[in-house]
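Here's the structure, in structure tokens; my notes come after.
The values are calculated or read from the model by the stated rules, or taken from the named source; none is laboratory data. Owing to the predicted nature of the structure, the values given are computational and were not obtained by experimental measurement. Cβ atoms come from the backbone with ideal geometry, glycine included; neighbour counts cover every protein chain shown.
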Amino acid sequence: MADTFSGLINYWVAIALMMIGFYIVIAQGNLVKKIVGLNIFQVAVFVFYISMGKVKGGTAPILDDSIEVYSNPLPHVLILTAIVVGVATTALALALIVRINRAYGTIEESEINEQDNVLDASEGKP
Amino acid sequence: MIIISLLFFMTATAISMLWLRDLFAVVMLSGIYSLFAAVIYMVMDAVDVAFTEAAVGAGISTVLMLGTLALTKSKEKVHKKIAYGPLALVLITGGILVYGTLDMPHYGDANAPIHSHVASRYIEKSGLEVGVPNIVTSVLASYRGYDTLGETAVVFTAAIGVLVIIGRRKKKRKKTGAVNDGGDIA
Amino acid sequence: MMHQKSVLRVVSKLLIPPILLFALYVQFHGDFGPGGGFQAGVIFAAAFILYGLIFGIANARRTVPASATRTMLALGVLLYAGTGVWTMLLGGEFLDYNYLASTPIAGQHLGILLVELGVGITVAGAMMSIFYTFAAQTLDGDEDIEEEV
């Protein structure tokens, strides 16, 4: 039992972090906060991946004659590129938020929906 | 033990991000969250990833979010109480995911399936085939060069997207005095 | 802009050259230690972002004009894909670095150097143009700080 706990606690905490991020994304109305929630989720997935790549007693995957055991380099490669792509897509999302703020004057989801409804009503749409 | 305490700090940071209404504080906390993540990667031997996370997550994305706050609003207006529907959904999803981890190989297990296919080949042969000491670099640039080309193209596309969405307008428009409703792109 | 903050100005002036140098170190030492094009590009861009934050965006734009960052953006991807096409012209497959030099190992070294450089240039260009685009915005979005297309 204690073995299971210490062996899986990393994954569980990563899942808890994912769920906190998920909750922020679906339950909070502020768009910037949603992006922060998405970032929390993203980093939690990264922690999960890197946890799986670790080998007990291993070292960083940089070749040297004196080292026998290396951690798995494959998750590192995947996550390394994912981080940079993540910030680029975050920047795209933030640009959209700036644009939304310019058009609606707010970054609160409920107020945007309200304005849309008023607009729809004035145009005679349901 | 170090990892567990770091994960605890990360969780605490994430929960305070959930509760705080001041978006400036939320953004700063997300930088701190990234730094904790970078330390965790370091402890788990992922030096390249830690490096990237510290530079990108804690540096650039914090600057960009602060820039966004300067252009929008730095306070969250409506703050709902606990939303029970989403909370239930999140708890169910989390429960299913935790159930899924129960038969996963334990942390640090050298016999886990993830270590038994291509990874061992990279570790054993990359020194002879590519001749670069850093295995991450040889996998990134040589074995998985197509992947990295794709990722570079994604970064390129995202930057082009930002330029298209909020890029600069021509100066002519200002001289003619036309009112701009912000509906045009540069 | 910010004439009083002499501490910030002096410290950032002292810091920017080492940051640029470190970025180049990370770029070209990535084969041997942690580092590579992605990290180097971000660090390189961070130096210019620091300059822009302290000395104002107009000065930063004069140092690295928008056309330069846009060119970098495209140039990196071009260099990466061009390396692949070059290996095809030399008789190999796309991105098969073994054909780039007389021995496969030397070819791999050259190929990795080129594609990492391509990644670094694109990432640096992307981060700089994203930051400049955000920094050049005003609240209502009706006017620009400066324009020199």
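Could you tell me whether the range A:57-78 includes any residue that is surrounded by fewer than 22 Cβ atoms within 10 Å (Cβ to Cβ) and modelled with pLDDT of 90 or more? Within the range A:57-78, one or more residues are surrounded by fewer than 22 Cβ atoms within 10 Å (Cβ to Cβ) and modelled with pLDDT of 90 or more. Of the residues C:Gly37, C:Gly30, C:Gly84, which is at the interface with chain B (Cβ under 9 Å from one of its Cβ atoms), surrounded by 24 or more Cβ atoms within 10 Å (Cβ to Cβ) and more than 30 Å from A:Val98 (Cβ to Cβ)? The conditions single out C:Gly30.
I need the helices (runs of 4 or more DSSP H) fully contained in the range B:1-76, keeping only those with at least 3 residues that are within 30 Å of C:Gly30 (Cα to Cα) and among the hydroxyl-bearing types (Ser, Thr, Tyr). First the steps, then the outcome.
Working: elements: B:2-19, B:23-43, B:47-55, B:61-71.
Qualifying helices (runs of 4 or more DSSP H): B:23-43.
Among the numbered conditions (1) hydroxyl-bearing (Ser, Thr, Tyr); (2) facing another protein chain (nearest Cβ under 7 Å); (3) not in a helix (DSSP H, G or I), the only one that A:Ser51 does not meet is (3).
Per the conditions (1) surrounded by 15 or more Cβ atoms within 10 Å (Cβ to Cβ); (2) at the interface with chain A (Cβ under 7 Å from one of its Cβ atoms); (3) more than 24 Å from the chain's Cα centre (by Cα), the sole criterion not satisfied by B:Ser126 is (2). Being closer than 30 Å to A:Gly57 by Cα and touching a helix residue (DSSP H, G or I) at 6+ places or on another chain (Cβ under 9 Å): is that true of B:Val90 here? Judged against the criteria, B:Val90 is not a match. Within the range A:59-111, the residues that satisfy the criterion of being β-branched (Val, Ile, Thr), assigned to a helix (DSSP H, G or I) and more than 17 Å from B:Leu71 (Cα to Cα) are A:Val77, A:Ile79, A:Thr81, A:Ile83, A:Val84, A:Val85, A:Val87, A:Thr89. Filtering the range B:129-149 to residues that are facing chain A (nearest Cβ under 7 Å) and either among the small types (Gly, Ala, Ser) or assigned to a loop (DSSP other than H, G, I, E, B) (or both) leaves B:Pro133, B:Arg144.
Does the range C:49-63 contain at least one residue that is assigned to a loop (DSSP other than H, G, I, E, B) and surrounded by fewer than 19 Cβ atoms within 10 Å (Cβ to Cβ)?
Within the range C:49-63, one or more residues are assigned to a loop (DSSP other than H, G, I, E, B) and surrounded by fewer than 19 Cβ atoms within 10 Å (Cβ to Cβ).
Count of the range C:1-24 residues, restricted to those that are touching a residue at least 12 places away in the same chain (Cβ under 8 Å) and closer than 30 Å to B:Val136 by Cα, is 7.
Each residue in the range C:76-93 was checked for being in contact with a helix residue (DSSP H, G or I) (Cβ under 8 Å, 6 or more places away or on another chain), in a helix (DSSP H, G or I) and either of a type in the set (A, V, I, L, M, F, W, C) or over 15 Å from B:Leu149 (Cα atoms) (or both), and 4 pass. Yes or no: B:Leu66 of a type in the set (A, V, I, L, M) and at the interface with chain A (Cβ under 9 Å from one of its Cβ atoms)? Spelling it out, it is not the case that B:Leu66 is of a type in the set (A, V, I, L, M) and at the interface with chain A (Cβ under 9 Å from one of its Cβ atoms). Checking B:Leu6, B:Leu29, B:Leu35 one by one, the residue that is in contact with a helix residue (DSSP H, G or I) (Cβ under 7 Å, 6 or more places away or on another chain), surrounded by 13 or more Cβ atoms within 10 Å (Cβ to Cβ) and within 16 Å of A:Ile35 (Cβ to Cβ) is B:Leu29 and no other.
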